[in-house]
Amino acid sequence: MFEYILLDLDGTVSDPMVGICTSVQYGLKKMGIDVPDIKTLTPFIGPPLRDSFRTYYNIAEEDIEKVVAFYRERFSTVGLFENELYPGMEDMLKKLQKEGKHLALASSKPRVFVEKILDYFHISGYFEVIMGSELDGTRENKIEIIEECLRLFFKDAPVEKERCVMVGDRKYDIGAAKETGLKSIGVTYGYGSREELETAGADIICDSVAELEKILS
């Protein structure tokens, strides 16, 4: 059905909870905000980091870059490796590649971290396109990420959107897919609920990597 598959990273390909949430906790603590339970910070998984600090902790605009820098102090050296591939994910990627599917990793996370994480798991080679934001916040919006993936896939040829799908675990993935005219698959094994994915308008919802593989294969 789909030949061009765009996959979100956090909550879709891998589970980054410990690394992201502990780094957020670290950054907030440096700002004088103590959050004892990192599980309360899971809403940070998915949306752009700056938006989350604004939304969830009302960080003043003049302090946004400071708290992001504190977060990255920990995440760039330790947190990005506190991460686990979802069981069956590499096997699925290998199978899809063998079937001739074109795979892209489409994340709002800075591309420099995305590349390091994929290399850490030895799965970079499955992706024809690896796209993320820049450290300065450029291209943080998921719509921009998807558009850049499509540009790199199709280059000067017309974009065949009916052959493309975005796979993600949060409303941001589904909403961006709709905005760019792509079909979307929401996965409930990540950090978005079925209700969130349904409300966002996911075309298909699946509950496991095995189920996702059957849909994509």
How many residues of the stretch 49-88 are loosely packed, with under 15 Cβ neighbours inside 10 Å and outside any helix (DSSP H, G or I)? The answer is 7
Checked pairs for the stretch 186-209, first part of a helix (DSSP H, G or I), second aromatic (Phe, Trp, Tyr), C-beta under 9 Å and 6 or more apart or across chains, list as Ala200/Tyr172; Val209/Tyr86; Val209/Tyr189
When you check Leu118 against the structure, is it in a helix (DSSP H, G or I), within 30 Å of Lys214 (Cα to Cα) and among the hydrophobic types (A, V, I, L, M, F, W, C), yes or no? yes
Within the stretch 62-82, is there a residue that is farther than 22 Å from Ile38 by Cβ, of a type in the set (A, V, I, L, M) and in contact (Cβ under 8 Å) with a residue 60 or more places away in the chain?
no
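Conditions tested, residue by residue: (1) surrounded by fewer than 17 Cβ atoms within 10 Å (Cβ to Cβ); (2) touching a residue at least 60 places away in the same chain (Cβ under 8 Å); (3) farther than 21 Å from Lys183 by Cα.
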| residue | (1), (2), (3) |
| --- | --- |
| Tyr126 | no, no, yes |
| Glu134 | yes, no, yes |
| Ile146 | no, yes, no |
| Phe153 | no, yes, no |
| Ala157 | yes, no, no |
| Glu160 | yes, yes, no |
Those residues of the stretch 149-165 which are farther than 18 Å from Asp207 by Cβ and within 16 Å of the chain's Cα centre (by Cα) amount to Cys149
Note on the stretch 89-100: residues loosely packed, with under 12 Cβ neighbours inside 10 Å and either without any contact (Cβ under 8 Å) to a residue 24 or more places away in the chain or in contact with a His (Cβ under 9 Å, 6 or more places away or on another chain) (or both) are Lys98
Quick count over the stretch 128-154, residues being out of contact with any Ser or Thr (no Cβ under 7 Å at 6 or more places or on another chain) and at pLDDT below 95, is 6
If we keep only residues of the stretch 14-40 that are within 16 Å of the chain's Cα centre (by Cα) and part of a helix (DSSP H, G or I), then the residue surrounded by the most Cβ atoms within 10 Å (Cβ to Cβ) is Ile20
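The values are calculated or read from the model by the stated rules, or taken from the named source; none is laboratory data. All values reported here derive from a predicted model rather than from experimental measurement. Cβ atoms come from the backbone with ideal geometry, glycine included; neighbour counts cover every protein chain shown.
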